[in-house]
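As structure tokens, the structure follows; a few thoughts come after it.
Derivation of every value follows stated rules applied to the coordinates shown; laboratory data play no part. Nothing here was measured: the structure is a model prediction, and the numbers come from that model. Here Cβ is always computed from backbone atoms with ideal geometry, including for glycine, and neighbour counts include all displayed protein chains.
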Amino acid sequence: MANTIRIKRRIGGATGAPSTLGSSELAFNENSGGRILYYGLGDNSFGVATSVIAIGGPDFAVTATTNANLTGHVTSVGNAAVLGSFTSAQLATALTDETGTGANVFATSPTLVTPNIGAATGTSLVLSGSLTVNGSVTTISSTTLSVADKNIELATGSVTDAAADGGGLTLHGLTDHTWNWVLATTSWTSSEHVNVASGKSYYINGTVVLSSTSLGSGIIIDGGTF
């Protein structure tokens, strides 16, 4: 006849470990939600275990109180699945050094609401890609604005001369000093004198028409008659 190992069991009442067990004795709690196998550890010299510990069962869970060093694969089943879904606010409760509020941000195409970048204040900011600014006014506070490109485009997207009317440059002073394109005269128009440097001349279609000392060779002055 085969040997039979009998284990104490509890089929009703409270869940949890038995108050006492014999040394090396096993007990199983069959209550729903507390189906755990217990073991009597140690011996008080009278055959009674010095402590009762949980060692397994469908509802058994291990609580680690010290650091664990793992060298192989870890497979988790059951309750660990709750880590698969939680909100940004729930994640923030687990952090102690977060900054800002709102939704979590990832690298690709994030939407930032009133961000404080920090690097753009009092320090140099270098961008390796294109910069697009969408707004009605862009303010640049700089002593010198240096543009490496050869051409500055104004009124980008205009498809008619009327849309470009008045476009140009404005230098603020006691009064505004402007250089604008005017639709009514179809010409660039300056609000101020134009002073050509010494040795320079005015040209029309590649031909000199006026210098500081003479008219161009092709200019004819007709004084008329009286």
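In summary, the convex hull built on the alpha carbon positions of the chain has an orientation-averaged projected area of 33.9 nm². Our coupling estimate for region 8-15, obtained by passing each phi through the Karplus curve with A = 6.51, B = -1.76, C = 1.60 and θ = phi - 60°, is 4, 9, 10, 10, x, x, 7, 7 Hz, Gly and Pro reported as x. In the chain, helical runs assigned H by DSSP with n ≥ 4 each contribute -39500 (n - 2.57); averaged across all residues and rounded to the nearest 500, the mean residue ellipticity at 222 nm is -1000 deg cm²/dmol. In this structure, the amide hydrogen of residue 56, modeled 1.01 Å from its nitrogen in the peptide plane, lies closer than 5 angstrom to those of 37, counting only residues at least 5 positions away or on a different chain. For region 8-56, the Kirkwood hydrodynamic radius from C-alpha pairs, put into Stokes-Einstein at 20 °C and a viscosity of 1.002 mPa s, yields a diffusion coefficient of 201 µm² per second. Taking a spot 7 Å from the Cα of residue 192 along the direction of its beta carbon, which residues of region 135-158 have an amide N less than 17 Å from it? Answer for region 135-158: 144-145. Across every direction, the projection of the convex hull enclosing the Cα atoms of region 138-219 has a mean area of 8.9 nm².
Each principal axis of the Cα cloud of region 162-210 was evaluated for its coordinate range; sorted largest first, these ranges are 33, 29, 12 Å.
Measuring r between the beta carbons of residue 155 and residue 133 and using R0 = 22 Å, the FRET efficiency lands at 0.85. Taking trypsin sites (Lys or Arg not before Pro) across region 1-73, the ones in a DSSP loop with at most 11 further Cβ atoms lying within 10 angstrom of their Cβ are 6.
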